[in-house]
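Q: My structure is below; once you've seen it, I'll send some questions.
A short reminder: the numbers here are calculations on the coordinates, not readings from a lab. In this text the structure is predicted, and so the values were computed from the model without any measurement. For neighbour counting, all protein chains shown are included, and Cβ atoms are generated from backbone atoms with ideal geometry for every residue, glycine included.
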Amino acid sequence: MENSRALHDELKHIVGESGILPEAQIAAYTFDGYVPKAVVLPVSVQEMQDVLRFAAEQNLSVMPAGAGTKLSIGNLPQKVDIVLTTTRLNSVVEYEPADLTVTVEAGIRLAALQAELAQHRQYLPLDPPFADRCTLGGIVATNASGSLRIRYGTARNQVLGLRVVHANGTVVKSGGKVVKNVAGYDLNKLYIGAFGTLGIITEVTLKLSPIPAREAILTTAFENAQDAVGAGLNIVGSQLLPMFVNLFVNADIGIGAAANARKPTLVVGFGGDPETVAWQLTQCQGIMEQNGALGVTITEGESRAHLQETIREFPAKDTDTEAVIAKLNLRRTDIVEFAAQIVDANWAMMTLLGSGVLYLAIPVTSETDFQGLADTLTQLRQSAMAAQGNLIIEVAPPELKRNIDVWGNIGDTLGLMKQVKDRFDAEGLLNPGRFVSNI
């Protein structure tokens, strides 16, 4: 297509006037300084297939999206032609409360689904950032999970089945609608976390959990990160079953006395039967105090919900953010060493101690030396890799992305990943250049 107007006219023949986002609203899908030529909102899988076939004929790139909250993740794109969003595919297809399963279209927002499930005292135990806006398709495509993963696992563990449209318009189905479904290759795992590079998710079947009868959070500050990590790992390794065990460094989460606001703070959540939760709170408080806690606070009710929202949204930065968000995956035993480096750097940090995930929020100003920051992050990544971990930059301004690969080296698996990409998207139309090693 020679220009955006001609492209819009062609796309309107496929999705109609209402299926093209007005130019005034395109800002929500602008990322890394790139403005898409068109944002398309198909209302059916058939329309999505037709858009993909049209894009293939015209050699146009397609960026899959839900609400656009994860568009900031990835390397700089090779080109941005069409953003294809699933937000009008947003219905509950099938819900069986007795089976604790639900099938939904990919564009349904997590908040809307949780409200529907709550009527039956059930919920999807995932708490990724942007919870009020993010869609189920986006959550699954990026394997976004949140702090509850220590208890329930990641999005990979909640997905039972998927329906996906490939770049050539072919619709495929994987998995099923029961926990113990078909034997053979688990193709679900191939699409989950692939960031839409292999196909666009249109439908998801998920397993659910009952809403806990009681929920409570314990928080306490420590004099140093080593004591806080030690207490947290003791809790993780105990017979307690916390919903999350998070450590905050250089971050004021609004709990405790002002004098302790910036000290390393341990936050532990419990949920379940009231009597069991009461016992867990007592045991957890004892472990905290034995490890040097500076006063323990128990939070419930609306205050607990507000605190949990603060925890959940720590990595949530919009595409015009003034911070860099980096994510490290480490062994639990290596967290103390890395936490010490963060204390010295004065960067805000949240660590999911149960799973070894560490988020960094690095402030960015007009005076930031992006080459210097890239060098620092490269050194930190090399340290993580030496410890058999990795570092991914989830959010960053284009100035930083020009100086560093946000994914890092993936080693010997690159050849296999390229083969899979070529098999599923031979023309490289889906998210070109944005995934690992610019796939």
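Q: In segment 1-64, which GluC sites (Glu not before Pro) are in a loop and have at most 15 other Cβ atoms within 10 Å, using DSSP for the loop call?
A: Taking segment 1-64 and a limit of 15 other Cβ atoms within 10 Å, the loop GluC sites (Glu not before Pro) found are E2.
Q: Which of N59, T69, L41 sits closest to the plus end of the dipole of segment 12-75, meaning its Cα is farthest towards the positive end, when Lys and Arg get +1 and Asp and Glu get -1 on the C-beta?
A: T69
Q: Only Cα pairs under 8 Å and at least 6 apart count here; give the relative contact order of the chain as a rounded whole percent.
A: Averaging sequence separation for qualifying contacts and normalising by length gives 16 percent for the chain.
Q: Describe numerically, in nm with one decimal, the distance between label points set 7 Å from Cα along Cα→Cβ at T333 and at D422.
A: 4.1 nm
Q: For the chain, what log10 I(q)/I(0) values come out of the Debye formula at q = 0.09, 0.12 1/Å, with one point per alpha carbon and no solvent?
A: -0.59, -1.05
Q: Between the helical axis of 45-58 and the dominant principal axis of the chain, each derived from Cα atoms, what acute angle in degrees is found, rounded to the nearest 10?
A: 70 degrees
Q: Mark the label point 7 Å from the Cα of K189 along Cα→Cβ and return the residues of segment 142-157 whose backbone N is within less than 14 Å of it.
A: Under cut-off, by backbone N: 154-157.
Q: Continuing with the same structure: Once you keep just the Cα pairs under 8 angstrom separated by 6 or more residues, what percentage relative contact order results for segment 323-412?
A: Worked out over segment 323-412, it gives 39 percent.
Q: Return the single residue from K79, K189, K418 with maximal mean-square fluctuation; model: Gaussian network over the chain, springs between Cα atoms under 10 Å.
A: Its mean-square fluctuation being the largest, the pick is K418.
Q: Among residues other than D227 whose Cβ falls under 15 Å from its Cβ, what is the net charge (Lys/Arg +1, Asp/Glu -1)?
A: -2
Q: Please determine, in degrees from 0 to 90 and to the nearest 10, the orientation of helix 414-424 with respect to the longest principal axis defined by the Cα atoms of the chain, where the helix direction is its Cα long axis.
A: The angle comes out at about 40 degrees.
Q: Sticking with this one: Please report the antiparallel percentage of the DSSP beta bridges confined to segment 29-123, to the nearest 5.
A: Looking only at bridges with both residues in segment 29-123, the antiparallel portion is about 40 percent.
Q: As a quick test, which of the pairs K12/K173; K70/K401; K70/K173 have an alpha carbon distance above 19 angstrom in this structure?
A: K12/K173; K70/K173
Q: While we're here: List the relative contact order of segment 92-210 as a percent without decimals, with contacts defined as Cα pairs under 8 Å and 6+ residues apart.
A: 32 percent
Q: Here is a follow-up. Given the C-alpha centroids of segment 1-32 and segment 50-125, what is the distance between them in whole angstrom?
A: Here the two parts' Cα centres lie 19 Å apart.
Q: Still on this structure, please answer the following. Nearest 10 degrees is fine. How inclined is helix 301-312 to the longest principal axis of the chain, computing both from alpha carbons?
A: Roughly 60 degrees between the two axes.
Q: Output the antiparallel fraction of DSSP beta bridges having both residues in segment 4-85, as a percent to the nearest 5.
A: In segment 4-85, DSSP labels about 20 percent of beta bridges as antiparallel.
Q: For a quick check of your reading of the filter: which chymotrypsin sites (Phe, Trp or Tyr not before Pro) in segment 99-201 sit in a DSSP loop and have no more than 14 other Cβ atoms within 10 Å?
A: Here the sparse-neighbourhood loop sites are Y185.
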